[in-house]
Ligand SMILES: Cc1cc2nc3c(=O)[nH]c(=O)nc-3n(C[C@H](O)[C@H](O)[C@H](O)COP(=O)(O)OP(=O)(O)OC[C@H]3O[C@@H](n4cnc5c(N)ncnc54)[C@H](O)[C@@H]3O)c2cc1C
């Protein structure tokens, strides 16, 4: 919680529904005639499917249908976002343990699950590879023989696969001459870091209900990007977009694990096969086999002068993308960019690869590529500081970009004051130390700068009713982050109406205009701007009506709570609309549309804004067990403007604690091609006991963002600095430099042992 | 995931329980808190056609003192033991252990009997109960028998309990007023990787120690060599004797590499925790080097 006094703000409307249990989550959706599906998954990492015998399963009473690869021959049966590489259901080959091979559709979940045991799959095993570096070797088994790229499909640009290899994305960038810079530099540091696969762990697993009717398809989906799902389904089933409807009730968390498209085509195919609505709700263990963060090996070479000035930096990222590309190509690019840091790097070379392996497909995850990149680059900053005998904070200040300076000449100049953020972090930590004497805690620091991949494509409908109530209709998904409340706040503010009068509708693509999706810290800013435009639209219509009805000058008309004012005269909406329509009924519909051309083209340059964070930790180490405890943590971010303090702090705290899991315990482990801890019993997410006793979020309100009132996006920054800050703290006190995550007690203990062995 | 269909029985006395266990043989399991059983059924690693709920059977829950023994009903939850006045007064270390098991939801439903009968190696109670010299009462149709805690668990997920027997109570001899116990465990996942129970039991001025290691292997192991090394050594003289004996004994413990850690690391933990548990039991400030 911040120290700042909490503005009197009514609690979020969804809180009440959620706390009382009346909120309808996707897993609560019931559609008449709905059947239940369960998924049979591959037990081998790589192989050909010789035969799937479903006869015994079909004979089980209550089983209505079994979908297998054979059924989908007539569909456009592969899909993807960057590469058209993924079958709706395994057709003749499986590429990872957990890949869907059959779906049983039955009258209830238990019958469907019982039937899974009765399906017999005959596999011919193929050689497999689960490690990305091994997958890049000459003789590695190749997972996909051909690759079909999809240019500008949903993301701008296209992936650059290397034909005949497992590399599905190769990205390169350079400015200046990095080798020359290294030759000029006094010292060149080269360090390689690894980052594991991490599971999103949204509390609600993936769940979708699909129903074909009236020549169209309706989906109740947990997806964060309803219009992406719509597009993919339109291709798979050859249906017009106008006949595909995606409805998105409350979603129980996503963190990117429900971004773009996940199980939607599979559930739709099951419904298509059986000819009745089908619901599939995964277990958490199955969600763990659905997607995960891309693991990475990152090598950073940095050339510095003796005074610590960075002259050049070369970054090489190899990411394990799993069996299907998903959004991996974008993740790889972002990982490269996010390894730069908020620093002057006059000579820069970036190289990133995303590679197929026989593992769960990699996917977007809160700050795509960011934690991987910042783990490497911010750990190395402290290595450099240590070697040059410069204080780590001072080294960062010396290289820090000032607002308006560029990270890369082709990107938007940095629009936050990182030095201020770092300063605020130090001050806040000092305040904590003063309040509770510091008990010898080790301190570590790190910063992160990320370039959210925001497509400036969004639109909203705002309907002002005659009684003054307002309905906001958009495709922004309420996934726990509080977007509905933000839209409510913006609509109330921009229409000058009380917040109680504003209602935000459940997203439904049949009613709400196209929006790119909920992710990349974009919705508050993008939908905020759209509402800004919709409010202007509404004011203009009301002003024209008032001019005609009451003879006032249109430009003098503005909104007041419940009505309009012009000069010293005031009319309730009812009077104005009654005069206009001739009946005491009606509404005014405002439309807000945002495209790259909006705001005089200012939205065109990437990123739309920079999302940054400074983190500082106070850590305790039990040298005998290797256990690391983070006692104090300070997280600082410039969010432009705080729209809802509880939500904003919640986002910041949530991101940091998720980062704590990345740092200390989380890792999906593979052995012999099998994920060995894909359950919440063996995979440890931080509990309340591991959360630092003192946690301070400092939100800087610089008002410099592109959103209404200077709002910027947030919620993905605080995850960045946590792991390197902790590792830096350990290094500063104990001289151990750990380059692999997570910092498990055993790993820390071993580092201490090694240190003792060779002092 | 969902379990296979099973029939649920809720008898209200032990006779009916025995009758059901008898009738269904391999197809039946007693059901207490369900925190292990239901998970295993859902994961479909276990399958039973019948479950016999023990929760309605009177007399299986609660704690009393009888003949110098603390008698704990097998259906007592970890939470109830963590807060029980008798347990807190006579074996506070066991109350503390109970308070530290899992999370509050598991503590409230999970029972001491279920924990022991499941014999999942990564558990806290067995080593401590062994150190306390506890015995277990097993009842079947043909009567009852007492088994020492030390002999109850045979290995991972196996105990001497017969299929038609029910664990009804755990009996702990009330420790002498001068005795003190402590339990130290460690693990970075949900359950303990290693747990060490230690007792300091002076008799007529001569210190004796009882030390058991749990979780690290398939069954709790008594660290006799440490007990012997410390025999008669007063707390203020434990010093290096303890550290050396603990390290030596830990090296002998059967351990294997798994998600909880490598075998050598777990042996190292066993040595550290042995030292800490003995020092705590002996009333010394733990010599814990926190940076
Ligand atoms: C998330 C999680 C974390 C955990 N962490 C810990 C931990 O840190 N430390 C620890 O020690 N344990 C831990 N546990 C295990 C927990 O202690 C046990 O789950 C619990 O005590 C088992 O008791 P129960 O009543 O739920 O057993 P049940 O699940 O009901 O039964 C378990 C087994 O014992 C049999 N059984 C039960 N009662 C009797 C009886 N009276 N007579 C005969 N047979 C019986 C059942 O047939 C079944 O086979 C954890 C469990 C979970 C799920």
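Where a number appears in this text, it was derived from the coordinates with a stated rule and is not lab data. Not measured: the values here are computed from a predicted model. In this analysis, Cβ positions are derived from the backbone assuming ideal geometry, glycine residues included, and neighbour counts consider all displayed protein chains.
Brief remarks on what is shown
- Protection proxy ranking, highest mean first, for peptides A:142-150, A:660-668: A:660-668, A:142-150, where packing is the per-residue count of other beta-carbon atoms within 10 Å, averaged.
- Cα convex hull volume per residue for chain A (Å³): 168 Å³
- Just so you know, the Rg over Rh for the stretch B:7-53 is 0.97, from Cα atoms, with Rh as the Kirkwood radius.
- Centre-to-centre, using Cα atoms only, the stretch A:157-206 and the stretch A:664-732 are separated by 20 Å.
- Exercise: per-residue mean of other protein chain Cβ atoms within 10 Å, B:248-260: 1
- Helix B:239-252 vs. chain B, principal-axis angle (Cα, 0 to 90°, nearest 10): 40 degrees
- Taking a ≥ b ≥ c as the square roots of the eigenvalues of the alpha-carbon gyration tensor, the stretch B:181-281 is classed prolate because a/c is 1.5 or more and a/b outweighs b/c.
- Translational diffusion coefficient (Stokes-Einstein; Kirkwood radius from C-alpha pairs) of the stretch A:363-413 at 37 °C, 0.692 mPa s, in µm²/s: 256 µm²/s
- Packing-based order for A:23-33, B:170-180, using average beta carbon neighbours within 10 Å, highest first: B:170-180, A:23-33
- Largest-first ellipsoid semi-axes for chain B, taking √(5λ) over the Cα gyration tensor eigenvalues, angstrom: 34, 21, 16
- Rounded to 10°, Cα long-axis angle of helix B:14-24 versus longest principal axis of chain B: 70 degrees
- Whether the stretch A:1-126 is rounded, prolate or oblate, judged on the alpha carbon gyration tensor where a/c under 1.5 counts as rounded: prolate
- Cβ-to-Cβ counts within 10 Å put A:390, A:594, A:473, A:688 in ascending order as A:688, A:390, A:473, A:594, the fewest first.
- Relative contact order %, the stretch A:308-452, counting alpha carbon pairs below 8 Å whose residues are six or more apart: 29 percent
- Exposure proxy ranking for A:113, A:179, based on other Cβ atoms within 10 angstrom of each Cβ and starting from the fewest, stands as A:179, A:113.
- Averaging Cα coordinates gives a centre for the stretch B:73-93 and one for the stretch A:411-464; these two points are 47 Å apart.
- Computed from Cα atoms, the angle from the helix B:263-281 axis to the main principal axis of chain B rounds to 80 degrees.
- Spatially, the stretch A:376-395 and the stretch A:498-559 are offset by 49 Å when compared through their Cα centroids.
- Most simply put, chain B has about 85% antiparallel DSSP beta bridges, counting only bridges with both residues inside it.
- The stretch B:63-173, Cα convex hull volume normalised per residue, Å³: 92 Å³
- Remark: mean inter-chain Cβ contacts per residue of A:625-632 equal 3, using a 10 Å Cβ-Cβ cutoff to other protein chain atoms.
- Other protein chain C-beta atoms within 10 Å of residue C-beta, averaged over B:265-274: 3.
- Each of B:55, A:231, A:258 was scored by other Cβ atoms within 10 Å of its Cβ. Arranged with the fewest first, they read B:55, A:231, A:258.
- Taking packing as the residue-averaged number of other Cβ atoms within 10 angstrom, the listed peptides A:92-103, A:324-335 run from highest to lowest as A:324-335, A:92-103.
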